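Okay, structure first, notes after.
The values are calculated or read from the model by the stated rules, or taken from the named source; none is laboratory data. Treat the numbers as computed from the prediction; the structure is a model and nothing was measured. All accessible areas refer to the heavy atoms of the entire protein, side chains included, with ligands and DNA or RNA removed. Shrake-Rupley method; radii C 1.70, N 1.55, O 1.52, S 1.80 Å.
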Amino acid sequence: MDATVAIVVLVIALATPIVLFGFYCYLLMNRRTRAYFSPQSVEIRRRARAEGRTR
C-alpha cells in the first residue's frame, strides 16, 4: 500500500510541471489568446468596462 501511494505521488509530481508547461506553450502559441492579451484588445475591453458595456 505504501509503495503504491509513493508511486502515485511521484507520478503526479512529475506530471504536473509537464502538463503546466504544455498548457503555457498552448496559450503562448494560440493566436486568439495572443490577440486577446494584446495591448490594443486590453485597452478596448478596459474602455468598454468604463462605459458600462459588457458582452
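Results, tabulated for the structure shown:
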{"read-out": "The listed residue being modelled with pLDDT under 85 and among the aromatic types (Phe, Trp, Tyr), out of TYR24, TYR36", "value": "TYR36"}
{"read-out": "Single condition GLY52 does not satisfy, out of (1) open to solvent by 100 Å² or more (accessible area, probe 1.4 Å); (2) assigned to a loop (DSSP other than H, G, I, E, B)", "value": "(1)"}
{"read-out": "Count of residues meeting criterion [open to solvent by 90 Å² or more (accessible area, probe 1.4 Å) and in a helix (DSSP H, G or I)] in the range 1-21", "value": "9"}
{"read-out": "Search result, residues across the range 22-33 that are open to solvent by 100 Å² or more (accessible area, probe 1.4 Å) and of a type outside the set (A, V, I, L, M)", "value": "PHE23, TYR24, TYR26, ARG31, ARG32"}
